[in-house]
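Here's the structure we're looking at; comments come further down.
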Amino acid sequence: FEAKCNLISQTPFGHSLYGPGVLAYSQAHGHHLDPEGCADCLPESFESSVKGTAFGNGPQRENLILTAALWRRLGLDAEILQKSLRTFRVGNHRLQKIATVENVEYWNDSKATNFHACESALNGFDRPVIWIGGGKSKGGDLGAFADRGSTRVRHAILLGETAPVINQLLRQRGVSTRIVADLDDAVRQAMA
């Protein structure tokens, strides 16, 4: 975050765009960003265009908000962007819906390899999640992640080097957990 915030602070006023989460985080950590650069909502004309697309909610919605703000700044035709929403496909492993079996949805978000991406995905669901997570530590505050994630996760299936720590932190916050040896076992446990 410090590196990204430094890039924004070195950008001339009026030339940067970022979401409200970045603005809030920067203010909480003593950084001053140009408030004009904060893009926090879609134009009303886009609301009917996003229904049933990857941009309806979750992290892709925030990406679209930033894209639409840049589109407006560049003076481009909004209709062209709106038309492209129906044909856009999110890349594999980026909060990709895999299947629905007996009213249970299966999602693959294996590209979410940091706290922010994982939290964005979890916040996009309107019901508790059985979450497969863990992996290698990339630094960051695991306790703060567990605080925020515990409100969205009903059960966590954990693997990798961070599994023991995340296991302990989530259990302290009342989330049931299980540590498994590999991804195949994790998927089987999640299905069960």
Extreme residue, farthest from the chain's Cα centre (by Cα), among residues of the range 67-82 that are crowded, with 16+ Cβ neighbours inside 10 Å and closer than 14 Å to Tyr18 by Cα: Trp71
Can you tell me how many residues within the range 1-49 are aromatic (Phe, Trp, Tyr) and open to solvent by 80 Å² or more (accessible area, probe 1.4 Å)? 3
Against the conditions (1) open to solvent by 40 Å² or more (accessible area, probe 1.4 Å); (2) farther than 28 Å from Ser150 by Cβ, where does Leu85 fall short? Just the number, please. (1)
Within the range 134-156, the count of residues that are within 14 Å of Trp107 (Cβ to Cβ) and either out of contact with any Leu (no Cβ under 6 Å at 6 or more places or on another chain) or modelled with pLDDT of 95 or more (or both) comes to 1
Where in the range 112-178 are there helices (runs of 4 or more DSSP H), lying wholly inside it, with at least 3 residues that are closer than 22 Å to Gly21 by Cβ and open to solvent by less than 30 Å² (accessible area, probe 1.4 Å)? 115-123, 142-149
Give all pairs with beta carbons closer than 7 Å in which a residue from the range 177-192 that is polar (S, T, N, Q) meets a residue that is part of a helix (DSSP H, G or I) and modelled with pLDDT of 95 or more; count only pairs at least 6 apart in sequence or on separate chains. Thr177/Asn167; Thr177/Leu170; Thr177/Arg171
Can you report the number of residues in the range 82-99 which are polar (S, T, N, Q) and within 21 Å of Cys118 (Cα to Cα)? 2
Only residues in the range 70-98 that are within 28 Å of Ser110 (Cβ to Cβ) count as the first member; pair them with residues that are of a type in the set (Ser, Thr, Tyr) and part of a strand (DSSP E or B), Cβ under 6 angstrom, at least 6 apart or cross-chain, and list the lot. Ile98/Tyr106
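Restricting to the range 173-189, count the residues that are among the acidic types (Asp, Glu) and under 20 Å from Val101 (Cβ atoms).
So the first thing to find is which residues in the range 173-189 are among the acidic types (Asp, Glu), and the list is 182, 184-185.
Filter once more, keeping what is under 20 Å from Val101 (Cβ atoms): 184-185.
Of the residues in that region, 2 qualify.
The values are calculated or read from the model by the stated rules, or taken from the named source; none is laboratory data. Computed from a predicted model, the values in this text were never measured in an experiment. Every residue, glycine as well, gets a Cβ built from its backbone with ideal geometry; the counts of neighbours run over all protein chains shown. Just so you know, the surface numbers come from the protein's heavy atoms only, side chains and all, with ligands and any DNA or RNA stripped out. Shrake-Rupley method; radii C 1.70, N 1.55, O 1.52, S 1.80 Å.
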